[in-house]
Amino acid sequence: MENKNIPSSTILRAMTRDGSARILVINSRKMVNDVIGYHKTTPTASAALGRLVTATSMIGTMLPENGDSVTVSIDGDGEAGRLLAVGDYFGNVKGYIQNPMANPPKKPNGKLDVGAAVGNGTISFVKSVGAVEPQIGTIELVSGEIAEDIATYFAKSEQIPTVLSLGVLVDTDYSCLASGGVLIQLMPFPDDETVDLIERNSADLVNVSRHFAAGLTNEQIMDIAMRDIPYDIFDTIEVGYKCDCSAKRMQEKIKSLGKTEILKMLDEQVAEGKPRELTAVCRFCNSEYTFGESDLV
């Protein structure tokens, strides 16, 4: 994959002037290229995990307080296996895919078949907000295409009507050519005319990655989503793929196994002719951390 000079990913946030809906538009190309770089994904795996981190980044910016987080996990029976994304209040995100080599045949129309890679199963949300117990919800996957599944989750589990469009275009060198999404959520007691216009305009967002590939800005895509609907922009925020792993955190995880288990694992390393040390690999960024016995017991 070529190392291309790609601008930072950004989210544009706005609300309809009548208070009926909030709208977020994200250009996530840089974020998804980082996903590909860390996980060495095939095109379909890139599209699947890319869509998930794109959506989770937007959802993260809707959390109430700094320090809050949201984890979205997809457990399907397709060859991709488990997909996971964790987003924070600032819209930064990290992700994981169990099988980065998942790459089922394309659809008859030539598009990547993310639904086939994901398969049937469930999608779960865990929101850690403030000091209260995490909020957990799970529903059956609707299509495995991710955008429809997340929108259905919000409608069923949180009773928030949601329009979500996600798209990832993968280039011939397996890098991300274009990626982004639009998230629209209705607020309580929305205006019926505004709702009708949102539903009409959503048809123009079906191939949202094509808009980004054509060079449209977040503002121009916002205009498409909000055609004939007055709205006000709140802000634009820079977001990215950021893993917060560290040697100390990995050390503590291994130490939590207990002295007996650690010594057993160290003995097994020696029995296999390897150094008496343990190596932990972060599943989000593939960083490796190696510890000797004196570090662990």
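Please treat every number below as a calculation from the coordinates, not as lab data. Please read all numbers here as calculations on a predicted model, not as lab measurements. Positions of Cβ are backbone-derived with ideal geometry, glycine not excepted, and every protein chain shown enters the neighbour counts.
Would you work out the charge dipole size for segment 247-296 about its Cα centre, treating the Cβ of every Lys and Arg as +1 and the Cβ of every Asp and Glu as -1, and quote it to the nearest 20 debye? Provide the component values of the computation, followed by the final result.
Numbers: 9 positive and 9 negative charges, 50 e Å.
For segment 247-296, the charge dipole is close to 240 debye.
In the chain, once you exclude exposed GluC sites (Glu not before Pro) (DSSP loop, at most 11 other Cβ within 10 angstrom), what's the longest stretch remaining?
On the way: sites that count: E2, E65, E272.
It runs 66-271.
Between helix 43-60 and the chain, what is the angle of the helix's C-alpha long axis to the longest principal axis, kept within 0 to 90° and rounded to the nearest 10?
70 degrees
Between segment 241-274 and segment 71-105, how far is it from one alpha carbon centroid to the other, in angstrom?
24 Å
Please work out the ratio of the alpha-carbon Rg of segment 247-296 to 2.2 N^0.38 Å and round it to two decimals. It would help to have the intermediate numbers written out before the result.
Working: Rg = 10.8 Å, N = 50, 2.2 N^0.38 = 9.7 Å.
Here the Cα radius of gyration is 1.11 times the empirical estimate.
If R₀ is 41 angstrom, what is the calculated FRET efficiency for the pair L263 and K156, using the beta carbon separation as r and rounding to 0.05? Let's see the in-between values first.
On the way: r = 48 Å, r/R0 = 1.17.
According to the calculation, E is roughly 0.30.
Each residue of segment 259-275 in turn: what ³J(HN,Hα) in whole Hz from Karplus with 6.51, -1.76, 1.60 and θ = phi - 60°, glycine and Pro shown as x?
With coefficients 6.51, -1.76 and 1.60, one gets 4, 4, 5, 5, 4, 4, 5, 5, 4, 5, 4, 5, 4, 8, x, 9, x Hz.
From the backbone phi of segment 185-199, what are the Karplus-calculated ³J(HN,Hα) couplings (6.51 cos²θ - 1.76 cosθ + 1.60, θ = phi - 60°) in whole Hz, Gly and Pro given as x?
10, 6, 8, x, 6, x, 6, 4, 5, 5, 4, 4, 5, 4, 4
For the residues Y38, Y174, what sequence is obtained by ranking on other C-beta atoms within 10 Å, fewest first?
Neighbour counts put them in this order, fewest first: Y174, Y38.
Sort V86, V118 so that the residue with the fewest other Cβ atoms within 10 Å of its own Cβ comes first and the one with the most comes last. Intermediate values should be presented prior to the final figure.
Details: V86 22, V118 31.
Least crowded to most crowded, the residues run V86, V118.
Between E140 and D295, what FRET efficiency follows from the Cβ-Cβ distance if R0 is 51 Å, with the result rounded to 0.05? Mind showing how you got there, number by number?
Numbers: r = 44 Å, r/R0 = 0.86.
Using R0 = 51 Å, I get an efficiency of 0.70.
Rank these for me by crowding, V32, V208, going from fewest to most other beta carbons within 10 Å. Write down the numbers at each step before the final one.
Working: V32 30, V208 27.
So the residues, fewest neighbours to most, are V208, V32.
Can you list the cysteines of the chain that have no other Cys Cβ under 4.7 Å away?
Isolated Cys, the chain: C176.
Which lysines, on any chain, are close to K274 with Cα under 16 Å apart, when same-chain ones fewer than 8 places away are left out?
Reachable lysines: K264.
Identify, among P100, V170, P188, the residue whose Cα sits farthest towards the positive end of the charge dipole of the chain, taking +1 on the Cβ of Lys and Arg and -1 on the Cβ of Asp and Glu, with the dipole about the Cα centre.
Among P100, V170, P188, the one farthest towards the positive end of the dipole of the chain is P100.
Each residue of segment 161-176 in turn: what ³J(HN,Hα) in whole Hz from Karplus with 6.51, -1.76, 1.60 and θ = phi - 60°, glycine and Pro shown as x?
Using θ = phi - 60°, the values come out as x, 9, 10, 9, 10, 10, x, 9, 9, 9, 7, 5, 8, 6, 7, 8 Hz.
Using modelled amide H (1.01 Å from N, peptide plane; none on Pro or chain starts), what sits under 5 Å from the amide H of L177, excluding residues fewer than 5 places away?
HN-HN under 5 Å from L177: L169, V170, D171.
Starting from the amide H of T10, placed 1.01 Å from N in the peptide plane, find each other amide H under 5 Å away whose residue is 5 or more places distant or on another chain.
N27, V239
State the answer as a single residue: which of P275, A247, S294 lies farthest towards the positive end of the charge dipole of segment 247-296, with beta carbon charges of +1 for Lys and Arg and -1 for Asp and Glu, about the Cα centre.
A247
Let me have the 222 nm mean residue ellipticity of the chain computed from DSSP H runs of 4+ only, each contributing -39500 (n - 2.57), with the sum over all residues rounded to the nearest 500. Numbers along the way, then the final one.
Numbers: 10 runs with 96 residues, N = 297.
Computed mean residue ellipticity for the chain: -9500 deg cm²/dmol.
Report the charge-dipole magnitude of the chain in Debye, nearest 20, computed about the Cα centre from +1 at each Lys and Arg Cβ and -1 at each Asp and Glu Cβ. Don't jump to the answer; show the numbers that get you there.
Values: 28 positive and 40 negative charges, 155 e Å.
Using only the charged Cβ atoms, the result is roughly 740 debye.
Do any trypsin sites (Lys or Arg not before Pro) in segment 76-131 lie in a loop, going by DSSP, with at most 13 other beta-carbon atoms within 10 Å of their beta carbon, and if so which?
Numbers: sites: R82, K94, K106, K111, K127; in loops: K106, K111.
Loop-located and lightly packed - K106, K111.
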